[in-house]
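Asks: The structure that follows is given in the form of structure tokens.
The values are calculated or read from the model by the stated rules, or taken from the named source; none is laboratory data. Just so it is clear, the structure is predicted and the values come from calculations on it, not from any experiment. As a convention, Cβ positions derive from the backbone with ideal geometry for all residues, glycine included, and neighbour counts pool all protein chains shown.
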Amino acid sequence: MSELKPSQQMLSSCVGAVFTSLFMTPFDVVKVRIQAQQRAQLERSCFLYCNGLMDHICNCARTICTHPESAPWYNRPVPVQLNGTVDAFVKISRQEGIQSLWSGLPPTLVVAVPNTVIYFTSYEQLRSKFHQFAPEETGGPPSWAGGLAGGLARVWSVTLVSPFELVRTKMQAKSMSYREVGEVLRTQIAREGIVSLWRGWVPTILRDVPFSILYWYTYEKQKKLMKQEYPTFTFTLIAGALSGGIAGALTLPLDVIKTHRQIEIGEKAIFADPAKGTESVGSTRTMLQNIYRQQGFRGLFAGLVPRLAKVMPACAIMISTYEYAKRIFRKRKSVVVDT
């Protein structure tokens, strides 16, 4: 049984999600703005960025806007050359104000934070239930319980949030109002059925569930080996980064496919004729075969270093703040019991 109430687990995961997005968003905003300087060849393309909690699709259908005050943050020109990450931090802050470094934060707080709360709370509840299958174990549920609970929790959270992700993607792609999105969704349901609201569910599951299984199994295994039933902040930082790195590296081919699929779907949503609907972008297996045929084994693991540079600190921040918040609740509970 978990020693914390579900409401306390939800609040802890909310704290972790907010801290992760606050810390990671500026780094990805800077990366996107640097890339924007060389975007002439991407005039009719979409691109993805991820601030540690969720992917965002950005529309580059137009060249960089000459009216900074009305331009989307990722299309806003910087009047000086950006030379590297540190230089970009300084110059963007001076030109637009430090708040510009968190330009991509609002959609994350609206969608990703509830998703993270559902995911972590479901994980904790499932992990506690699985402990019943191994009552002889001490020091908490066994490691395999963490992996299995992580995978099932991700299936549940993705299933609940997928329709909202679809709405968010449409609004980002075409700058639609809520009323316009509602009309599009009603037309889509009438034409393709309610199941169409979960378009993209399969590739998301194929990427996120293996990652979750590997991440939580590795993390729980480290807790067992280091005898960290109630892990310290230092341990969670290191273990979270290591677990995220292992899971991120092993599931990179699935992430490559997910990125290709999201970008292609986003471009079709922007440039295709709405009356013709959205064409299929091919199965995951077909896309894997095509990438391997064209680029070999290296193509399936393209972007390994940038992915690890993003995933490892995000996982470290998320799990450490989450566990720290849980520790605060435990201390308050022990104080109440003692009194």
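Asks: Residues V113, V167, V161: which one is at pLDDT below 80 and either surrounded by 16 or more Cβ atoms within 10 Å (Cβ to Cβ) or part of a helix (DSSP H, G or I) (or both)? Give the steps one after another, and end with the answer.
Replies: Numbers: V113 fails: at pLDDT below 80; V161 fails: at pLDDT below 80.
None of the others qualify; the one that does is V167.
Asks: Are there any pairs, at least 6 apart or on different chains, whose C-beta atoms fall under 7 Å, with the first in region 118-132 and under 19 Å from S12 (Cβ atoms) and the second part of a helix (DSSP H, G or I) and charged (D, E, K, R), and if so, which?
Replies: Hits for this filter: Y119/R154.
Asks: Looking for whichever is within 24 Å of G303 (Cβ to Cβ), polar (S, T, N, Q) and surrounded by 17 or more Cβ atoms within 10 Å (Cβ to Cβ) here; the options are T251, T236. Which one fits? Walk me through how you get there before you give the answer.
Replies: Numbers: T236 fails: within 24 Å of G303 (Cβ to Cβ).
Going through T251, T236 in turn, the sole match is T251.
Asks: Just one of (1) assigned to a loop (DSSP other than H, G, I, E, B); (2) modelled with pLDDT of 70 or more trips up Q38, so point out which.
Replies: (2)
Asks: Right, next: When region 193-209 is examined, which residues are found to be within 19 Å of P253 (Cα to Cα) and either modelled with pLDDT of 95 or more or of a type in the set (A, V, I, L, M) (or both)? Explain how you work it out, then say what you get.
Replies: Taking region 193-209 as the starting set, the residues that turn out to be within 19 Å of P253 (Cα to Cα) are 200-209.
Across region 193-209, the qualifying residues are V202, I205, L206, V209.
Asks: Residue check: is A302 closer than 29 Å to G244 by Cβ, at pLDDT 80 or above, out of contact with any strand residue (DSSP E or B) (no Cβ under 9 Å at 6 or more places or on another chain) and among the small types (G, A, S)? Spell out the reasoning first.
Replies: Details: closer than 29 Å to G244 by Cβ: yes; at pLDDT 80 or above: no; out of contact with any strand residue (DSSP E or B) (no Cβ under 9 Å at 6 or more places or on another chain): yes; among the small types (G, A, S): yes.
For A302, the condition - closer than 29 Å to G244 by Cβ, at pLDDT 80 or above, out of contact with any strand residue (DSSP E or B) (no Cβ under 9 Å at 6 or more places or on another chain) and among the small types (G, A, S) - is not met.
Asks: Restricting to region 90-110, name every residue that is surrounded by 18 or more Cβ atoms within 10 Å (Cβ to Cβ) and either over 21 Å from L160 (Cα atoms) or at pLDDT 90 or above (or both).
Replies: K91, I92, L101, S103, G104, L105, listed by residue number.
Asks: Give me a count of the residues in region 175-225 that are surrounded by 13 or more Cβ atoms within 10 Å (Cβ to Cβ) and not in a helix (DSSP H, G or I).
Replies: Residues flagged as surrounded by 13 or more Cβ atoms within 10 Å (Cβ to Cβ) and not in a helix (DSSP H, G or I) within region 175-225 amount to 3.
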